[in-house]
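Right, one structure below, let's go through it.
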């Protein structure tokens, strides 16, 4: 069993910095190496010291250095609001890493990453790992408006090309990120051995899945779902797939786009 | 009061199930034990209650299946499970190896289904007890229909009692006017112990979309929000039946657990807390031990139902 890789530890906050409107980057310190934290996996984080709100909050792994974990999150409710008020020196209890992350084993030369809004969160880490493998990475990053975009310095620093779109045209191309992606996707030679990774709102993921379907290009999507346990026991976070309901927290959050049925909400 | 010098004895016999301590996991909150075993050694538990098993595999309800509510959560999983046959083939062998009592939670669409699942589990061996789920609010056929109709409760407990010699627990629904009526019926039909309570039927609405937050519209409320209701029901039932009770409903820590034991539960089950704080059952065992030592209580029989009577 992999008991040793599951943690339920309190870690110290090194930094909890606002990077964009209501969007924070949390840096946590650990005593041990985080080598088992891989791109696309997630952690369940304490969101209260009382019984209300009750549940932990699930966040993808934004970035990892040997003894530091970063989480990028937006304040959307009481839990994330509580987390945003934690200061450096405070401790937070965390369980993780959990779930199935991105597949980095298939040999590819080029990766197209599509992020919508907070869907950018797991891609910093993914892009770094892909670049380490010598993969050419192109990031498509969209949001409703410029003030919601977080800085992309970390991507540029490791040689990732970034294309941006905003719904209101306040930065980058006006329009949705899937429009920009589709334009580009058409031009890529199928022989280039590439792969698509997407994370963002469900309608965006559905559109990316539609664009890549039947093209022979593998597409992995990272899903968000309301979770109670994050461990695979409550069965609360399921997504419908070709083989029935699968747990976003266990078989996911990263799924092959071809396996998903996009019914429901 | 006993001596405070010796380590308290936490062992308990739950209607024929010997347990090393009174702490169990509630059905549906620890799967078939595999995921929880990644977090702590299951032998720390008094008993592990597995996710509800039905004759055939169940898909469960469409998502969204859960939502958070004030100091609690709603769920409408719909008893998604692999079915009793796959359970016996794939999950039970590992459970047999564990040094912990294993209780199989069972549900069916009709009374005969319940009996058949129980027969299969009994024949398979390695199960220490059966818990009848006649109180799930999230399935259209079966479940709570049995637990809120006195005649149906009588019928299903009677039929299952004939199908097994294993210790039989009946899990009661709180969604009734008088839970003691159902407790008496289950005891009268041969239940060895009673589990209470299952979730309370509830609902939440997203006012921005004007939709129920759950695809199933309604779901079962669990967590600290229901604890006073659960405690009250354990107290009421303990006064009218002789069989031991498993108290559950929003137990988050040892203090909560001790309250249920004082109210008359012989054992307690940890449910929603498994999601919030996965090792909670281990901490609760330790906390009960510390409470008993501090209070000079040497055994469970001196703790269970030890509420001061002159209140």
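Please treat every number below as a calculation from the coordinates, not as lab data. Please read all numbers here as calculations on a predicted model, not as lab measurements. Here Cβ is always computed from backbone atoms with ideal geometry, including for glycine, and neighbour counts include all displayed protein chains.
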*How many nm separate the modelled label positions at residue A:188 and residue A:146, each set 7 Å beyond the Cα in the direction of the Cβ?*
2.8 nm
*Listed highest first by mean packing, meaning other Cβ atoms within 10 Å per residue, what order do B:71-83, A:13-25, B:93-105 come in?*
B:71-83, B:93-105, A:13-25
*Per residue of B:35-48, what is the mean number of Cβ atoms on other protein chains within 10 angstrom of that residue's Cβ?*
3
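At 0.36 nm per residue, and after removing the present C-alpha to C-alpha distance, how many nm does the segment from residue B:211 to residue B:178 gain when stretched out fully?
Taking 0.36 nm per residue and subtracting the Cα distance, the gain is 8.7 nm.
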_Modelled FRET efficiency - R0 60 Å, residue B:112 with residue A:170, Cβ distances, 0.05 increments_ = 0.40
*What number, rounded to the nearest 500 deg cm²/dmol, is the helix-based mean residue ellipticity at 222 nm of chain B, given -39500 (n - 2.57) per DSSP H run of at least four residues and division by all its residues?*
-8500 deg cm²/dmol
*Between region B:188-247 and region B:282-303, what is the C-alpha centre distance in whole Å?*
26 Å
*Run through the DSSP bridge list for region B:67-183 and note the antiparallel percent, rounded to the nearest 5.*
25 percent
*Once you sort the root eigenvalues of the Cα gyration tensor of region A:1-156 as a ≥ b ≥ c, which label holds: rounded (a/c under 1.5), prolate (a/b larger than b/c) or oblate (the other case)?*
oblate
*Would you mind telling me which residue in A:219, A:158, A:199 has the biggest mean-square fluctuation in a Gaussian network model of chain A, where springs connect alpha carbons within a distance under 10 angstrom?*
A:158
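Across peptide B:273-282, how many C-beta atoms of other chains are within 10 Å of each residue C-beta, on average?
Counting Cβ atoms of other protein chains within 10 Å of each residue's Cβ and averaging gives 5.
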*Cα-based shape type of chain B, given that a ≥ b ≥ c are square roots of the gyration tensor eigenvalues and the cut on a/c is 1.5*: rounded
*Principal-axis tilt of helix A:177-187 within chain A, Cα atoms, nearest 10 degrees*: 40 degrees
*Alpha-carbon radius of gyration plus Dmax, which is the widest Cα pair, for region B:127-279 in Å*: 15.8, 53
_Which of B:114, B:40 has the fewest other C-beta atoms within 10 Å, and how do the rest follow up to the most?_
B:40, B:114
*Taking square-rooted eigenvalues a ≥ b ≥ c of the alpha carbon gyration tensor, is region A:165-254 rounded, prolate or oblate, where a/c under 1.5 means rounded and, failing that, a/b exceeding b/c means prolate?*
oblate
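May I ask for the equivalent-ellipsoid semi-axes of chain A, computed as the square root of five times each C-alpha gyration tensor eigenvalue and listed largest first in whole Å?
Values: eigenvalues 160, 88, 69 Å².
Taking √(5λ) for each eigenvalue gives 28, 21, 19 Å, largest first.
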*To the nearest 10 degrees, how steep is helix A:123-132 against the longest Cα principal axis of chain A, on a 0 to 90 scale?*
70 degrees
*Is it possible to state the helix-based mean residue ellipticity at 222 nm for chain A, with each DSSP H run of 4+ residues giving -39500 (n - 2.57), the sum divided by total residues, to the nearest 500 deg cm²/dmol? What is it?*
-4500 deg cm²/dmol
*Debye log10 I(q)/I(0) at q = 0.22, 0.25 Å⁻¹ for region A:120-204, Cα point scatterers*: -1.18, -1.40
*Hey, quick one: spin label on residue B:85, modelled 7 Å out along Cα-Cβ, who in region B:116-145 has an amide N within reach, i.e. under 14 Å?*
B:117, B:120-121
*asked:* I need B:136, A:234 ordered by Cβ neighbour count within 10 Å, fewest first.
replied: B:136, A:234
*Compute the whole-percent fraction of alpha carbon pairs in region B:103-149 spaced more than 17 Å apart.*
31 percent
*Once you have the Cα-Cα distance between residue A:9 and residue A:110, take 0.36 nm times their residue separation minus that, and quote the gain in nm to one decimal.*
32.6 nm
*So what's the angle, to the nearest 10 degrees on a 0 to 90 scale, between helix A:202-212 and the longest Cα principal axis of chain A?*
30 degrees
*Report, as an integer, the average count of C-beta atoms from other chains found within 10 Å of each Cβ along A:49-61.*
5
